[in-house]
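Undergrad: Have a look at the structure that comes next, please.
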Amino acid sequence: MNILKKSFLDKFLIKWRTKKVKNLIKGGVVCDLGCGDGEFLLEISKKIKKGYGFDKKTKSRKIGNILIKKITKKKIPLKKECADYVTLIAVIEHLEKPEEIIMECKRILKKNGLLIITTPLPRSRVVLGIMTKLNLLGWGGEEVKDHKRYFDNKSMNYLLNKEGFKILKYETFELGFNSLITASKK
């Protein structure tokens, strides 16, 4: 997704979301799943050792210490325990089988690595529907229509716990319509 083609409101929400995640990253190797055009990785490139971004809708390229790669398979093409951070910023709600990607996150995260997820809460469904109808986000709502499910604290805890993660922190933001989850391997 190109942030320049977004409405002011959508750009604002994207910046809010990525700032929350950016503040959690202290360096090392970052893998951003569903990276879009890689804006987030490029924004943090000076504070990390290496960045990997994977998305099914992007073009593969390398920019300094950042590798952006188009991905079509379920397996992330990285070695076991190579990442200090794995991020899923507004991604997990789009997945048919989120447990598959969570298992891959566990595989590529280092022992003390951190999984960081942002996702809209179930209560945001109505608001997102209204914003789409009024075109407040600057797009026709394809992103919202592509949401497969919405996660609350309980369902996120169940998913992550089942796949071998422990939630370290769960918080809501964006006026209580979005959540930020940080988790580590058990």
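Read the figures in this text as sums done on the coordinates, not as results from a lab. Nothing here was measured: the structure is a model prediction, and the numbers come from that model. Neighbour counts run over all protein chains shown; Cβ positions are idealised from the backbone, glycine included.
Undergrad: What does the charge dipole of the chain about its Cα centre add up to, to the nearest 20 debye, if the Cβ of each Lys and Arg holds +1 and the Cβ of each Asp and Glu holds -1?
TA: Charge dipole of the chain: 700 debye, to the nearest 20.
Undergrad: Sticking with this structure for a sec: Run the numbers for Lys59 and Lys80: contour at 0.36 nm per residue of separation, minus the present Cα-Cα distance, in nm.
TA: 5.1 nm
Undergrad: Sticking with this one: Nearest 20 debye, what's the magnitude of the dipole of the stretch 1-108 about its Cα centre given +1 on Lys and Arg Cβ and -1 on Asp and Glu Cβ?
TA: In debye, rounded to 20, the stretch 1-108 gives about 380.
Undergrad: Under the definition of Cα pairs under 8 Å and six or more residues apart, what whole-number percent is the relative contact order of the chain?
TA: 20
Undergrad: Among Lys62/Lys145; Lys106/Lys148; Lys11/Lys111; Lys26/Lys62; Lys47/Lys166; Lys19/Lys97, which pairs are too far apart, with a Cα-Cα distance over 29 Å?
TA: The answer is Lys62/Lys145; Lys11/Lys111.
Undergrad: Can you pull out the trypsin sites (Lys or Arg not before Pro) in the stretch 22-72 that DSSP calls coil and that have at most 13 other Cβ atoms within 10 Å?
TA: Lys26, Lys49, Lys56, Lys57, Lys59
Undergrad: Now, a different point. Looking at the stretch 21-112, which GluC sites (Glu not before Pro) are DSSP coil and have at most 15 other C-beta atoms within 10 Å of their C-beta?
TA: Listed in order of number, the matching sites are Glu81, Glu96.
Undergrad: Would you pull out the residues with amide H under 5 Å of Gly38's amide H, same chain only if 5 or more places away, H placed 1.01 Å from N?
TA: none
Undergrad: Something else now. On a full-extension model of 0.36 nm per residue, what is the gain between Ser45 and Val127, subtracting their alpha-carbon distance, rounded to one decimal in nm?
TA: Length gained between Ser45 and Val127: 26.2 nm.
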